[in-house]
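Reading through the structure tokens given below for one structure.
The values are calculated or read from the model by the stated rules, or taken from the named source; none is laboratory data. As the structure is a computational prediction, the values presented were derived from the model and not from experiment. Positions of Cβ are generated from backbone atoms using ideal geometry, with glycine treated the same way; all protein chains shown enter the neighbour counts. The accessibility values were calculated without ligands, DNA or RNA, using every heavy atom of the protein model including side chains. Shrake-Rupley method; radii C 1.70, N 1.55, O 1.52, S 1.80 Å.
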Amino acid sequence: MRIVSGAFKGIELISPPRHLTLRPTSDRVREAIFDVIRFEIVGKTFLDLFAGSGAVGIEAISEGSKFAYFVEKNHEAVNTIFKNIKKFGIEKQIKIFKEDVFKFLRNFNEDVFFDFVFLDPPYKTLLSSLTLEKLCFFKYLAEFAVVIVEHAIYEKLLDMYEGDFILRKFKEKTYGKIVISYYVKEIKQY
């Protein structure tokens, strides 16, 4: 696993211990995601949910994101994120929450708005749709925030999720057995 683009291009990431059942986002898929958002991410704030090794959030910093938040409940995965952050010297651009994603979405209370959110829950849990539903009530999404979801091809996501605002799918791309779905935040029209 390596950083595929930006300031840290080509630098190897520290992988999580092999006994963990994490499935890091592949280099190919990360490169495709950042090809879509590359020109929008500079100076923006990035939220990496179900962060695993932290590869996607670190890729965001490499591409020019000013700050990245990581949410991961697994202790060993969090240690891997810390090691990677230290390796890349980006401690001042990172904040890590060692907790469940849904607890984070319920309790987060800081003066920050997220321009980009990436979520990649374990495929077998089928948590992508539920996370999108919860994000529709998460008041810390910036205007026109983009939510990127990595999910298995067998997990079908809706074209629109509605809560306090709408998350509307604007792009979807399949890579073998993996699908990347892109949503944008829209204000509800009354």
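Accessible area per residue (1.4 Å probe, heavy atoms of protein chains only) ranks Glu150, Glu133 as Glu133, Glu150, with the largest value leading. Of the cross-linked pairs Lys92/Lys134; Lys44/Lys177; Lys92/Lys177; Lys83/Lys156, those separated by over 32 Å at the C-alpha level are Lys92/Lys177; Lys83/Lys156. First check a/c for the range 99-190, with a ≥ b ≥ c the square roots of the eigenvalues of its C-alpha gyration tensor; if it is under 1.5, answer rounded, and if not, answer prolate when a/b is larger than b/c or oblate otherwise. Here the range 99-190 falls in the oblate category. Packing here is the average count of other Cβ atoms within 10 Å per residue, and on that basis the peptides 52-60, 119-127, 106-114, highest first, run 52-60, 119-127, 106-114. A probe of 1.4 angstrom, applied to the heavy atoms of all protein chains, finds Lys169 with accessible area near 40 square angstrom. Anisotropy class assigned to the range 56-106 is oblate, per the alpha carbon gyration tensor with a/c at or over the 1.5 cut-off and a/b no larger than b/c. The residues of the chain have, on average, 50 Å² of accessible surface per residue, using a 1.4 Å probe with all protein chains present.
Toward the positive end of the charge dipole of the chain, with +1 on the Cβ of Lys and Arg and -1 on the Cβ of Asp and Glu, the farthest Cα among Cys136, Ala152, Gly52 is that of Gly52. Heavy-atom surface analysis with a 1.4 Å probe gives the range 87-186 a carbon and sulfur content of 53 percent of its accessible area.
Across the chain, Cα-Cα pairs farther apart than 28 Å form 17% of the total.
Is the range 19-96 best put as rounded, prolate or oblate by its Cα gyration tensor, with a ≥ b ≥ c the root eigenvalues, rounded for a/c under 1.5, and otherwise prolate when a/b is larger than b/c, oblate when not? Here the range 19-96 falls in the oblate category.
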